[in-house]
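See structure below.
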Amino acid sequence: MSLSSARQRRATAASPPTDDGYAKDAKDRRRRPGGDGDGEDEGIKWFLPFLALGLLRHMSASSNLIHDCDEVFNYWEPLHFLLYRSGFQTWEYSSDFALRSYLYLFFHALVAGPASLIFGENKVRVFYSLRIFLGLISTITETVLVVALSRRYGKRLACYVLAMLCLSSGCFFASTSFLPSSFSMYAVTLSSALFLLEKYAGAVSVAAAGVILGWPFSILVFLPVTVYSLIRGSFRRVFLSGFFTSLCFLVLSFVADYYCYGRLTFSVFNLLKYNVLGGGESHLYGTEGLSFYFRNGFNNFNFAFILALLFLVVVPFARKKYAPDLLIVVSPVYIWLAFMSLQAHKEERFLYPIYTLICVAAAAVIDSLPDLFHDKYSSDQSIFEKIAKGLRPLILGFILCASHSRTFSMLNGYGAPLQIYQHLEHHDDTGPGSILCVGSEWHRYPSSFFIPSYISEVRWIDDGFRGLLPFPFNETLGGTTAAPSYFNNKNKAAEGQYLKDIGACTLLVELDLRRPYPSRGSDLSKWEALAALQFLDRELSPALYRSFFIPYRWQQNNVFGLYKLLRRLHPDHA
């Protein structure tokens, strides 16, 4: 052994121990996972996050609400039509407008199609089979992100992120929603993970798929990772990877649109034109103030959302750990919030693409709390630094408890619609040719997957709504290629969207909030209740108790109505 080697070994052995897991040599080892045979040992193994996320995503698939009627009418219903040749059509799917891509539906039909053959008439199982598939995609992408963070920044940060991904209300609900914004969330998660693993070509390819197959507007969310991947990786290889992926999906989207709409059109461009280039008026569907997304972000992530916004404040104190890579990954949170807040029309689902990044940013802030009190000129820890270390699990625990409490409140308070419609399969004695009527609760209709074969049609009845409602796909006009005259892009009610003869209704679904004016189903001489479940009355319940499930107090302090499935006793056709 040489003298220099002996000195080097003694120097290494004599080096003072440190709990700084972000020293340059440790960071370099994490950047080469498996390079020396020990890199993977420094991070979390694949099994733990996959198991934890898999269990939670399965729970989401089986119990999640449908949070937006767009999910039903723009995705579940046209998918139902592709599988069973029946379902509701919105004006966006009219051949005249062609705003929605059928490629997104065909991708999910790869699972829903075989499931429909396996389960036959039991369409509810097809519905939940697709949800489980969505939960599996979410599980895989988030597992890769947790492992990437573990290898790059250590187990503690990765465990914090894993805990938030599992229990935050936002991720629980978004992970199994059948929406392009959820698909973009999967792509953002995987693209960010591949960037941290230095798989730059893969990161850009996934980004391209997320934009074209998912949601075109999410291109802003992918920009930071895409730009830095082009800079850091082999430009030619990364560029060509993204280019050919984009070209492939664009061609597939164009072919799918031509096949379904029956004419040369391009839904990706049509959607961008309608919302960005002044071709449409999305504000007709509601406008909100600048604080809308900040309020929704707090509802879905509570104090984790505030911590995520503080990430930029923490970066100067922890730049050796998080700058620039984690800053690049997290930066879309700020870009997306700023861009979406400036749009007049706002919806909660528009934030889905950045939900996992919010968890990463918040976890990084919690992990870095001791750095705010660290004295770089002293090797001793101050009392404040020790307190900050002790506070980390307490803060994380509080956030997770509040998140779980909100999830539980949402599921118990608003879960009645899905459960009520599942009662239909137990009442086939009503007879074939039955007509199910829905009034003001049309926006909570869970899709035709919950309508048994003995019900011949679902009809809307007029309860005062003056916007445009979906119509059934019309096979005589061409099905998906049809351009019905009753559709318009001005959100104006069309002639014939309501059933005028209420006496034709065999079954009725309604929400009875027990207001002074009576509901239709309160007339016991005409209707019998087949099922009734409690439904949280948002207007009369205190904000604290309706937002969070507090044992014993939640049931006592909230006000509930009844979500009812009714059957006509004495048909009274005029």
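The values are calculated or read from the model by the stated rules, or taken from the named source; none is laboratory data. The model shown is predicted, which means the values in this text are computed figures rather than measured ones. Here the Cβ positions follow ideal geometry from the backbone for every residue, glycine too, while neighbour counts run over all protein chains shown. The accessibility values were calculated without ligands, DNA or RNA, using every heavy atom of the protein model including side chains. Shrake-Rupley method; radii C 1.70, N 1.55, O 1.52, S 1.80 Å.
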Filter pass, residue 157 being of a type outside the set (Val, Ile, Thr) and more than 21 Å from the chain's Cα centre (by Cα): yes
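Which residue, of 171, 166, is closer than 22 Å to residue 304 by Cα and more than 10 Å from the chain's Cα centre (by Cα)?
Result of the check over 171, 166: 166.
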Residues located in segment 459-490, provided they are open to solvent by less than 60 Å² (accessible area, probe 1.4 Å) and free of Cβ contacts under 8 Å to residues at least 24 places away in the same chain: 486
Residue in segment 112-128 that is nearest to residue 85 (Cα to Cα), counting only those that are among the aliphatic types (A, V, I, L, M) and open to solvent by 40 Å² or more (accessible area, probe 1.4 Å): 117
Every pair of residues 6+ apart whose Cβ atoms lie under 7 Å, when the first sits in segment 544-558 and is assigned to a helix (DSSP H, G or I) while the second is open to solvent by 80 Å² or more (accessible area, probe 1.4 Å): 545/553; 546/538
Residue in segment 233-253 that is modelled with pLDDT under 95 and either within 16 Å of residue 332 (Cα to Cα) or touching a helix residue (DSSP H, G or I) at 6+ places or on another chain (Cβ under 7 Å) (or both) present: yes
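For every residue, the table says whether it meets (1) outside the structural domain of residue 404 (by the TED database); (2) crowded, with 24+ Cβ neighbours inside 10 Å; (3) under 17 Å from the mean Cα position of the chain (by Cα).
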residue: 283; (1), (2), (3): no, no, no
residue: 288; (1), (2), (3): no, no, no
residue: 296; (1), (2), (3): no, no, yes
residue: 306; (1), (2), (3): no, no, no
residue: 315; (1), (2), (3): no, no, no
residue: 339; (1), (2), (3): no, no, no
residue: 347; (1), (2), (3): no, no, yes
residue: 361; (1), (2), (3): no, yes, no
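Would you check if residue 88 is touching a His at 6+ places or on another chain (Cβ under 9 Å), in the same structural domain as residue 347 (by the TED database) and either surrounded by fewer than 23 Cβ atoms within 10 Å (Cβ to Cβ) or of a type in the set (S, T, N, Q) (or both)? Lay out the reasoning, then the answer.
Details: touching a His at 6+ places or on another chain (Cβ under 9 Å): yes; in the same structural domain as residue 347 (by the TED database): yes; either surrounded by fewer than 23 Cβ atoms within 10 Å (Cβ to Cβ) or of a type in the set (S, T, N, Q) (or both): no.
No.
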Some residue of segment 437-452 being more than 32 Å from the chain's Cα centre (by Cα) and either surrounded by fewer than 18 Cβ atoms within 10 Å (Cβ to Cβ) or at pLDDT 95 or above (or both): no
Close pairs (8 angstrom Cβ cut-off, 6 or more residues apart or separate chains): under 21 Å from residue 195 (Cα atoms) and assigned by the TED database to the domain that holds residue 483 in segment 236-258, of a type in the set (Lys, Arg) and in a helix (DSSP H, G or I) anywhere: none
So residue 352, is it open to solvent by less than 30 Å² (accessible area, probe 1.4 Å) and closer than 23 Å to residue 71 by Cβ: yes
Extreme residue, surrounded by the fewest Cβ atoms within 10 Å (Cβ to Cβ), among residues of segment 505-534 that are in contact with a Cys (Cβ under 8 Å, 6 or more places away or on another chain) and among the aliphatic types (A, V, I, L, M): 507
Pair list, Cβ under 6 Å, 6 or more apart: segment 332-350 residue in contact (Cβ under 8 Å) with a residue 24 or more places away in the chain and assigned to a loop (DSSP other than H, G, I, E, B), other residue open to solvent by less than 60 Å² (accessible area, probe 1.4 Å) and hydroxyl-bearing (Ser, Thr, Tyr): 345/282
Residue check for residue 162: open to solvent by 10 Å² or more (accessible area, probe 1.4 Å), in contact with a helix residue (DSSP H, G or I) (Cβ under 9 Å, 6 or more places away or on another chain), in contact (Cβ under 8 Å) with a residue 24 or more places away in the chain and within 13 Å of residue 60 (Cβ to Cβ): no
Options 406, 392: the member that is of a type in the set (Lys, Arg) and touching a Ser or Thr at 6+ places or on another chain (Cβ under 6 Å): 406
From 190, 194, 240, residue being assigned to a helix (DSSP H, G or I) and within 25 Å of residue 347 (Cβ to Cβ): 190
Qualifying residue in segment 211-220 (condition: among the aromatic types (Phe, Trp, Tyr) and in a loop (DSSP other than H, G, I, E, B)): yes
Residue match in segment 493-502 (condition: modelled with pLDDT under 95, of a type in the set (Lys, Arg) and touching a Gly at 6+ places or on another chain (Cβ under 9 Å)): no
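To keep it simple, each residue is scored yes or no on (1) outside the structural domain of residue 549 (by the TED database); (2) surrounded by fewer than 16 Cβ atoms within 10 Å (Cβ to Cβ); (3) in contact with a helix residue (DSSP H, G or I) (Cβ under 6 Å, 6 or more places away or on another chain).
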site: 384; (1), (2), (3): yes, yes, yes
site: 387; (1), (2), (3): yes, yes, no
site: 390; (1), (2), (3): yes, yes, no
site: 394; (1), (2), (3): yes, yes, no
site: 399; (1), (2), (3): yes, no, yes
site: 406; (1), (2), (3): yes, no, yes
site: 409; (1), (2), (3): yes, no, no
Residues satisfying the stated conditions in segment 436-457, i.e. among the hydrophobic types (A, V, I, L, M, F, W, C) and either more than 21 Å from residue 65 (Cα to Cα) or assigned by the TED database to the domain that holds residue 94 (or both): 436, 437, 455
Residue 329, sole failed condition from (1) open to solvent by 10 Å² or more (accessible area, probe 1.4 Å); (2) part of a helix (DSSP H, G or I); (3) under 21 Å from residue 183 (Cα atoms): (1)
Count - residues of segment 359-395 that are more than 17 Å from residue 159 (Cβ to Cβ) and touching a residue at least 60 places away in the same chain (Cβ under 8 Å): 1
Test: residue 238 is within 23 Å of residue 67 (Cβ to Cβ) and surrounded by 20 or more Cβ atoms within 10 Å (Cβ to Cβ): no
Lone unmet requirement of (1) in contact with a Gly (Cβ under 7 Å, 6 or more places away or on another chain); (2) in a helix (DSSP H, G or I); (3) open to solvent by less than 10 Å² (accessible area, probe 1.4 Å) for residue 176: (2)
Residue in segment 189-204 that is open to solvent by less than 30 Å² (accessible area, probe 1.4 Å), in contact with a Ser or Thr (Cβ under 6 Å, 6 or more places away or on another chain) and farther than 22 Å from residue 324 by Cβ present: no
Neighbours by Cβ (under 6 Å, 6+ apart or cross-chain): first from segment 404-427, more than 25 Å from residue 543 (Cα to Cα); second open to solvent by less than 30 Å² (accessible area, probe 1.4 Å) and among the aromatic types (Phe, Trp, Tyr): 420/563; 421/450
